[in-house]
Amino acid sequence: MSFAMHLTNEFQKALNACNSYRQQIQGDTEFLIYRLNSSNRSMGNLFSMAHQTPMRTGFGGIKEAVKGKAKNNRITRPHRHQGGGHAEEIFLRSMHKFESVSKVEMFISLIPCDRSSAMQINLDNEDVFVPSGCGAKLKFLAERYPNISWEICYERIYDGNTGQRTHQYMIKLSTFHNANVYRYNAGSISSISSPV
Ligand SMILES: [Zn+2]
């Protein structure tokens with residue numbers, strides 16, 4: 001397996017800290033812990049924030065986005081700036097800060113959603129449309145950066161139809177040549193294509 005971040009003390013500390021913070025604020029905030037190129041020194045975490053327009057927020061300056069509704073990946077009703085967003089979106093809008101990355105390990109406290117808004121951002125000096133849903137946004141990243149190996153691991157899941165739809169997205173992502181997807185459960189991980 002190419003995902004080994006969960007075996008490090010640094011990750012366990014970050015996970016405990018993020019879980020305690022979520023408990024303290026008593027919101028339904030989700031978070032993401034990432035590590036680049038298997039280096040613990042690069043480990044960081046991002047929390048979901050309320051979507052607010054217009055607002056430009058944190059973490060050393062994330063790229064602003066134009067927000068809208070997705071129809072065939074088009075922005076049909078643009079708003080000016082999207083601030084905040086789900087942890088995956090904030091990661092995506094921070095891509096310009098990462099250089100020479102060949103591998104991203106990403107732990108997400110909840111399976112990527114299928115409903116966050118579509119948006120337009122400027123990546124590598126090009127305006128690009130990013131589809132609705134965080135699962136689709138991770139798929140976009142894997143396609144956009146084929147030389148990065150994407151190791152995605154999530155913990156909790158949704159029930160019912162949303163559970164089915166979000167799971168299908170992760171299955172699709174796991175078929176990419178440069179992506180692997182895992183489920184985290186009580187300290188160990190399993191590949192999602194194997195029976196849970
Ligand atoms: Zn989301």
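Output yes when any residue across segment 147-158 is free of Cβ contacts under 8 Å to residues at least 12 places away in the same chain, part of a loop (DSSP other than H, G, I, E, B) and exposed (fewer than 14 other Cβ atoms within 10 Å of the Cβ), and no when none is. No, the conditions are met nowhere in segment 147-158.
Could you count how many residues in segment 106-146 are among the polar types (S, T, N, Q) and more than 16 Å from the ligand (Cβ to nearest atom)? So the answer is 3. Considering only residues in segment 98-126 that are acidic (Asp, Glu) and touching a helix residue (DSSP H, G or I) at 6+ places or on another chain (Cβ under 9 Å), the one that is nearest to SER191 (Cα to Cα) turns out to be GLU105.
The sole residue among PHE107, PHE91 that is modelled with pLDDT under 95, crowded, with 21+ Cβ neighbours inside 10 Å and under 14 Å from the mean Cα position of the chain (by Cα) is PHE91. Taking segment 44-69 only, how many residues are surrounded by fewer than 18 Cβ atoms within 10 Å (Cβ to Cβ), at pLDDT below 75 and farther than 26 Å from PHE11 by Cβ? Residues in segment 44-69 being surrounded by fewer than 18 Cβ atoms within 10 Å (Cβ to Cβ), at pLDDT below 75 and farther than 26 Å from PHE11 by Cβ: 6 in total. Under the condition of being of a type in the set (A, V, I, L, M) and closer than 17 Å to ALA179 by Cα, which residue from segment 1-15 is farthest from the chain's Cα centre (by Cα)? That would be MET1.
The values are calculated or read from the model by the stated rules, or taken from the named source; none is laboratory data. As the structure is a prediction and not an experimental result, all values here were calculated from the model. As a convention, Cβ positions derive from the backbone with ideal geometry for all residues, glycine included, and neighbour counts pool all protein chains shown.
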